[in-house]
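Taking it in order: structure first as structure tokens, then the write-up.
The values are calculated or read from the model by the stated rules, or taken from the named source; none is laboratory data. These numbers come from a predicted model, not from an experiment. Cβ: placed from backbone, ideal geometry, glycine included. Neighbour counts: every protein chain shown. Remember, those area values only see protein heavy atoms, side chains included, never the ligands or the DNA or RNA. Shrake-Rupley method; radii C 1.70, N 1.55, O 1.52, S 1.80 Å.
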Amino acid sequence: MRKRVFWPVLAGLALAAAQATPVQLAATPAARAQVPMPAPVPQPKAAQFPAGVLPLAGLGVRVVGSAPELNNAARDLSSEWQTRLGVGLPSSSTGKIVIGTADDAALAAKVKGAGLSLGGAESYALLVDSSGAYVVGADPRGAYLGAQTLRQLLTPAGVRFARISDAPALKQRIAMIYLDQYSKGVNDKLIPLLAQLKYNSVLVMSNYVQWDAAKAGGYANAGGATKAEARRVADLARSYGLEPIPLIETLGHVGWMFGNGKNLDLRQDEASQNPYAYDTLNPETYNRVLFPIFKEAAETFGAKTIHIGHDEVRNRDRFPARENGKALGFAKLVTDDIIKIHDYLKTLNVGTMMWHDSAFADAVLDTVPAALPKDIQVAYWNYDPGNDFPMLGQIKAAGFPTLGASWADAGSPEGLAKAAAKAGINGMIQTRWTGYFGNPSIWDGAAEQGVAYVRAANSFWNPAAPVVANADLIYRDLYQPSPYASAAGFTANLAPLVTRALADNDEKGWIQKGPDIDLRNLKQGVQKLGAYTFNISGAVMLKGSRGAVSSLPAQVTVDIGRKADSVAFLHTTGWNAPTPRENIGHYDIVYADGSKITQPLEYGRHIRAWTDMTTSSMVLAPGWVGKTRDGLDVNVPTLEWVNPKPEVVIKSITLVSEGKAANPTLIGLTLIGK
């Protein structure tokens, strides 16, 4: 590699930093262009993608059969066409896109003639060639899922040729969602996303729904969703093939029933100032609170199953704490509570699901499971990586329908799904713990748990598939899909402003740690990174509290002199911030009319360190991802700032550092809009 040394010019740059520096702006036809997914997710069981595309011109969709799932499949395809291409996909009796089941003799022959096969429930065959696209399910549900794969084959040029035979490895594929005051804005995006990823159920956190019983008892929380919203979400989920399973936590995690200081007579631990568990020996626990709410939930959701929680019972309060409870002991209290709830739900024709740990803890493993009804679905949660989880087999051997439950961390859904398939259990749940009233954090604040939906879906459908590459990019695009049409703009050559080389050959570049830990693999020149095109020439690194960057400029100004609809910043920091959302700098956008807008840079939300791979916010778009020479995973994300005054010329943009540990570093700047 040709050696580039920028160090000698730093003194001059520091003196001139406060003045605007003109940079070369090159016209770029595709300054921003959303890229179609490179491969379907989940990965099909067997797939080939021959060269070629089915042209878009004149395409229509034809449904063969009357099952609702088939029409819903056509609905989703038309929505995809509208979003990506700006035109719907019309229904046509002669449409080249055909959706149906193997019950139709002609479609069954088409599948067989193409050498494709169908498996059991939810399986499908998908053929796309020059004659058309054929989605054939073993059942209507399989056809619906095949259409979700077809959506992902759409490109600006046409529908990619494909030959796919596919079926799920696990019967139940469940994703956890929440109901709160922000439900509509979030769940209306999540539910279609989860359907496209081939989940077939949603576990709906419902503790704080404003149940009539809770309102009458004075313990309803204003931050909870209304019953009408709960019913709407249940109906919406079913319209996308997702069976809703309300989760109402019982025994432990029951702070919801003590809201506004109510029901304190039902506390298990009378000394608790923040009650966590209830008294199982007081009939009013059930008659006043649990049973009325379960009845409302069953009716509101049309529930076939209710998840009763039942985990981490002893995490906070003493249990048992009351003398009558101590006399019976923990195992008896837990057993009787589960049976009482199970038997009541059975009178509503509703099944019971619960977490494993209160009934399958080592201390009660020889007693509690044997006493429980064997139609209870038991979900074993384990958030460790790996693929050896003997408890799955133990729960199944004890006679219970068994599920695994995974977490967002690397290796958790992937490993537990492999173990689930090996153990032959019913399925998997991808859990999510973003707070009872924190629904928007699935996009901004805890987005890594949304990214895990993508990874988990891939593993639940096909545990043998490799880990999804660029799962954050896929999640961002599915949650907030954008058109495939490209936007023109201008890429800036920041070479006159560069303060550090990306390649640190002499410990005077990048963060002065040497060639094994630098950004040399982020190549220079004009290139597409994610949806954006940038011109990379080095790093405009600013001052921070670390000694290696303490003498760098505190700010730098780029002369723009153009209008723009938005500005994309490819930027990072040399080091992490000690606290999330810390303000580590800002951009000042100055207009030709003298006005100014400031865009703050909150760590983790608008910018993050090159070594920080946690995608906690989708406000940041994925940009460049790579490795250092010694194998460390690194990245440089993109922030797109939307200009509220696109009709006014932007005179200049100034990047300002607060001089903290996380020092802002600009690597690429692109104006979007002609």
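Return the residue satisfying two criteria in turn: it lies in the stretch 616-651 and is assigned to a strand (DSSP E or B) and of a type in the set (Asp, Glu), and of such residues it is most open to solvent (accessible area, probe 1.4 Å). Of everything passing the filter in the stretch 616-651, 633 is most open to solvent (accessible area, probe 1.4 Å). Taken over the stretch 39-89, residues that are touching a Lys or Arg at 6+ places or on another chain (Cβ under 9 Å) and part of a strand (DSSP E or B) amount to 7.
Quick check: is even one residue across the stretch 328-351 surrounded by fewer than 19 Cβ atoms within 10 Å (Cβ to Cβ) and closer than 21 Å to residue 221 by Cα? For the stretch 328-351, residues surrounded by fewer than 19 Cβ atoms within 10 Å (Cβ to Cβ) and closer than 21 Å to residue 221 by Cα: absent. Assessment of the stretch 512-530 against the conditions (at pLDDT below 95 and either part of a strand (DSSP E or B) or crowded, with 17+ Cβ neighbours inside 10 Å (or both)) yields at least one matching residue.
Of all residues in the stretch 383-425, those that are open to solvent by less than 30 Å² (accessible area, probe 1.4 Å), over 21 Å from residue 351 (Cβ atoms) and not in a helix (DSSP H, G or I) total 4. Look at residue 221 and say whether it is open to solvent by 10 Å² or more (accessible area, probe 1.4 Å), at pLDDT 95 or above, in a loop (DSSP other than H, G, I, E, B) and under 30 Å from residue 266 (Cβ atoms). Criteria met by residue 221. Number of residues in the stretch 463-477 that are open to solvent by 20 Å² or more (accessible area, probe 1.4 Å) and either of a type in the set (Phe, Trp, Tyr) or under 23 Å from residue 416 (Cα atoms) (or both) equals 7.
One residue alone among 596, 543 is open to solvent by 50 Å² or more (accessible area, probe 1.4 Å) and touching a Leu at 6+ places or on another chain (Cβ under 9 Å), and that residue is 543.
Among the numbered criteria (1) closer than 21 Å to residue 243 by Cβ; (2) in contact (Cβ under 8 Å) with a residue 60 or more places away in the chain; (3) not in a loop (DSSP other than H, G, I, E, B), which single criterion is violated by residue 448? Among (1) closer than 21 Å to residue 243 by Cβ; (2) in contact (Cβ under 8 Å) with a residue 60 or more places away in the chain; (3) not in a loop (DSSP other than H, G, I, E, B), the lone unmet condition for residue 448 is (1). Of all the residues in the stretch 478-500, those that are open to solvent by 10 Å² or more (accessible area, probe 1.4 Å) and either of a type in the set (Asp, Glu) or not in a helix (DSSP H, G or I) (or both) number 11. If the condition is being under 12 Å from residue 270 (Cα atoms) and either in a loop (DSSP other than H, G, I, E, B) or open to solvent by less than 80 Å² (accessible area, probe 1.4 Å) (or both), then the stretch 313-327 contributes 317, 318, 319, 320, 321, 322. Given the options 149, 155, 101, name the one that is without any contact (Cβ under 8 Å) to a residue 60 or more places away in the chain and open to solvent by less than 40 Å² (accessible area, probe 1.4 Å). Exactly one of 149, 155, 101 is without any contact (Cβ under 8 Å) to a residue 60 or more places away in the chain and open to solvent by less than 40 Å² (accessible area, probe 1.4 Å), namely 101. Scanning the stretch 134-158 for residues that are part of a strand (DSSP E or B) and under 26 Å from the mean Cα position of the chain (by Cα), we see that the one that is nearest to residue 454 (Cα to Cα) is 154.
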